[in-house]
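In what follows, a structure is listed as structure tokens, so that the remarks can point back to it.
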Amino acid sequence: MKPFEEIPRLGFLQGLRLVAASGGGRVDMLSGLRQQYDRHGPVVIQVSRPFKMVNLFGPEANRVVLMDRDQIFSAMRPWTQIMGRIFTNGLLLRDGADHKHHRKIMHEAFTRPALRDYVQRMNPMIARGVSELGASDGPVSVFRAYKQLTLELAASIFVGMDLDPTTRPMNVAFENMVAASMSRIRLPWIGREFQRGLRGRRFMLDLLSGMLEKKHSDAGADMFSRLCRARTAEGESLKDADVLDHMIFLMMAAHDTTTSTLSSLTYELAKHTEWQERVRAESRALGVSEPGFDELGSLESLGMAMSETLRRYPPLPVIPRVNTADFEFGDFRIPAGCMVVVSPIHTHHMSEWWSDPFRWDPDRFSSARAEHERHSHSFAPFGGGPHMCLGLRFAEAQVKLVMHHLVSRYRFSVPDGYTMPVQQAPISKPRDGLPVDFTPLE
């Protein structure tokens, strides 16, 4: 086993060049990761204060780090450094028994009966939101439209809020909070990115704190009420401060990652009209305008299209951990205290595991090809192991529901020759808002 000192190291100047070429590390993260892997192999050191950063590449790296069989990879330590002051004490920022305890209680808000209720309540809201897309004579910026729709859904389904002017400040607050979580200057200077994020957090805390008493006393079906009254079999519940922290984190995760996936999926279906027609035919075959949670599972082509979109545009491109003990990987011994980073966006584009990986090809997820089953962790858009996304079934249902309503009402396209400019981090999104034309079906 080779010592840490012999691990290939990304030079300081080389690192700066890669960051500059990738648009500050946000626009094209994948190219830099591919260069590291192609030049140095599956283990690469990159110096990054306050940790030594070690990039691990490939599905086996994903398995080792995300499954964490020996319980040595902390999610709390890196994520606290990245977003701890903005999304304090969210589920992702917890480890071990504390994480397990909170996840067990929060599961009550994501049971199948709860998901059925959420879908039923989302249907009319999505139908109204989608109907507005055809009101324009020209292309619609769908990223902005989806962002507003998913925020309104989060306000209703998560918080139980009636839609009113408060949703606009909420949208601004979440945009500022996500941007601040990636800010390089983490000082609360007035007018700067990080200060705007802190202000957004204060706004959300004040808003949700004012609702706590009512949420404890009513039997609401929204997620906020469910978390307030959630109990384990042993009678354990969440403290009010924990409920607020979890609500802010969950709303961010649901709002931004769903907007990301909806935008990318709309783009690919607009470019690949044969798949748009295939998805539309399946939705029509349901014979219902407002499908329930269980009916969404029968939309097989839409499910494959969504999976392929998550492969090409994973909302979270990289996943950091800090190892609390030494471990071995790729013939190297890695000492405790490193920031260990695995990269779903890189794994999803490895030709060793995916045929023609830069081609959008949903059939690779069919039972006949099943490329995603070549390794248990070659496809990891929702992470894995103890920190697997708790709300993934909700997110999948929401994306499918929006797309069902969309294809049932419109044919949609992007301008000839158009290629969506993507910003890959902190969350994948179109840099130009994604212009799409919607034509009502006859």
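The values are calculated or read from the model by the stated rules, or taken from the named source; none is laboratory data. Being a predicted model, the structure only gives us computed values, none of them experimental. Cβ atoms come from the backbone with ideal geometry, glycine included; neighbour counts cover every protein chain shown. To get the accessible areas, we keep the full protein, side chains included, count just its heavy atoms, and leave off ligands, DNA and RNA. Shrake-Rupley method; radii C 1.70, N 1.55, O 1.52, S 1.80 Å.
Residues in segment 357-379 that are hydrophobic (A, V, I, L, M, F, W, C), open to solvent by less than 20 Å² (accessible area, probe 1.4 Å) and within 21 Å of Thr261 (Cβ to Cβ): how many?
1
What is the residue count in segment 353-383 for residues that are assigned to a loop (DSSP other than H, G, I, E, B) and at negative phi?
21
Yes/no matrix, rows are residues, columns are (1) loosely packed, with under 15 Cβ neighbours inside 10 Å; (2) closer than 25 Å to Gly96 by Cα:
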{"residue": "Gly287", "(1), (2)": "yes, no"}
{"residue": "Leu299", "(1), (2)": "no, no"}
{"residue": "Val318", "(1), (2)": "no, yes"}
{"residue": "Asp331", "(1), (2)": "yes, no"}
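Take the residues in segment 83-103 that are in contact (Cβ under 8 Å) with a residue 40 or more places away in the chain, out of contact with any Ser or Thr (no Cβ under 6 Å at 6 or more places or on another chain) and part of a helix (DSSP H, G or I), then tell me which one is most open to solvent (accessible area, probe 1.4 Å).
Lys100
What is the one condition in (1) open to solvent by 10 Å² or more (accessible area, probe 1.4 Å); (2) over 16 Å from Val399 (Cα atoms) that Phe293 does not satisfy?
Unmet condition: (2).
Among Lys239, Lys271, which is of a type in the set (Lys, Arg), without any contact (Cβ under 8 Å) to a residue 24 or more places away in the chain and open to solvent by 10 Å² or more (accessible area, probe 1.4 Å)? Break it down into steps so the answer makes sense when it comes.
On the way: Lys271 fails: without any contact (Cβ under 8 Å) to a residue 24 or more places away in the chain.
Sole residue among the options that is of a type in the set (Lys, Arg), without any contact (Cβ under 8 Å) to a residue 24 or more places away in the chain and open to solvent by 10 Å² or more (accessible area, probe 1.4 Å): Lys239.
On the given criteria, is Ser209 of a type outside the set (D, E, K, R) and modelled with pLDDT of 80 or more? Walk me through it before giving the result.
Numbers: of a type outside the set (D, E, K, R): yes; modelled with pLDDT of 80 or more: yes.
Taking the combined requirement at face value, the residue satisfies it.
Could you grab me the full set of residues in segment 375-423 that are hydroxyl-bearing (Ser, Thr, Tyr) and farther than 17 Å from Ser343 by Cα? Don't jump to the end; show me each part of the working.
Within segment 375-423, the first condition is being hydroxyl-bearing (Ser, Thr, Tyr), and the residues that meet it are 376, 378, 408, 410, 413, 418-419.
Correct list: Ser408, Tyr410, Ser413, Tyr418, Thr419.
Here is a check on your reading of the model: is Arg229 open to solvent by 20 Å² or more (accessible area, probe 1.4 Å), more than 21 Å from Met122 (Cβ to Cβ) and touching a His at 6+ places or on another chain (Cβ under 9 Å)? Give the derivation first.
Working: open to solvent by 20 Å² or more (accessible area, probe 1.4 Å): yes; more than 21 Å from Met122 (Cβ to Cβ): yes; touching a His at 6+ places or on another chain (Cβ under 9 Å): yes.
For Arg229, the condition - open to solvent by 20 Å² or more (accessible area, probe 1.4 Å), more than 21 Å from Met122 (Cβ to Cβ) and touching a His at 6+ places or on another chain (Cβ under 9 Å) - is met.
List the helices (runs of 4 or more DSSP H) that sit entirely inside segment 236-326 and contain at least 2 residues that are in contact with a strand residue (DSSP E or B) (Cβ under 9 Å, 6 or more places away or on another chain).
It comes to 240-271, 273-286.
Which of the following residues is part of a helix (DSSP H, G or I), more than 30 Å from Ser225 (Cβ to Cβ), at pLDDT 95 or above and open to solvent by 70 Å² or more (accessible area, probe 1.4 Å): Arg63, Arg69?
Sole residue among the options that is part of a helix (DSSP H, G or I), more than 30 Å from Ser225 (Cβ to Cβ), at pLDDT 95 or above and open to solvent by 70 Å² or more (accessible area, probe 1.4 Å): Arg63.
Name every residue in segment 403-425 that is modelled with pLDDT of 95 or more and of a type in the set (S, T, N, Q), in order of residue number.
Ser408, Ser413, Thr419
For segment 335-355, does any single residue satisfy the condition of being among the β-branched types (Val, Ile, Thr), modelled with pLDDT of 95 or more and open to solvent by 40 Å² or more (accessible area, probe 1.4 Å)?
no
State yes or no: is Glu175 over 24 Å from the mean Cα position of the chain (by Cα) and either under 19 Å from Gln423 (Cβ atoms) or modelled with pLDDT of 80 or more (or both)?
The answer is no for Glu175.
Scan segment 114-126 and tell me whether some residue there is among the charged types (D, E, K, R) and touching a Ser or Thr at 6+ places or on another chain (Cβ under 6 Å). Working first, answer last.
Our first condition is that a residue be among the charged types (D, E, K, R); within segment 114-126, this holds for 116-117, 121.
Imposing the further condition that a residue be touching a Ser or Thr at 6+ places or on another chain (Cβ under 6 Å) reduces the set to none.
So far as segment 114-126 goes, no, none of its residues is among the charged types (D, E, K, R) and touching a Ser or Thr at 6+ places or on another chain (Cβ under 6 Å).
Looking at segment 407-426, I want the residues that are in contact (Cβ under 8 Å) with a residue 60 or more places away in the chain and within 12 Å of Val27 (Cβ to Cβ) and have a partner that is outside any loop (DSSP other than H, G, I, E, B) and open to solvent by 50 Å² or more (accessible area, probe 1.4 Å) with Cβ atoms under 8 Å, at least 6 apart or on another chain. Which pairs are those?
Correct list of pairs: Val422/Lys429; Gln423/Lys429.
Would you be able to tell me the number of residues in segment 395-442 that are part of a loop (DSSP other than H, G, I, E, B) and either within 17 Å of Ala305 (Cα to Cα) or of a type outside the set (Lys, Arg) (or both)?
18
For segment 390-435, give me each residue that is on the phi > 0 side of the Ramachandran plot, touching a strand residue (DSSP E or B) at 6+ places or on another chain (Cβ under 7 Å) and surrounded by fewer than 23 Cβ atoms within 10 Å (Cβ to Cβ). Reasoning before the result, please.
Here is the first cut: in segment 390-435, the ones on the phi > 0 side of the Ramachandran plot are 417, 433-434.
Of the ones still in play, those that are also touching a strand residue (DSSP E or B) at 6+ places or on another chain (Cβ under 7 Å) are 433-434.
Result: Gly433, single match.
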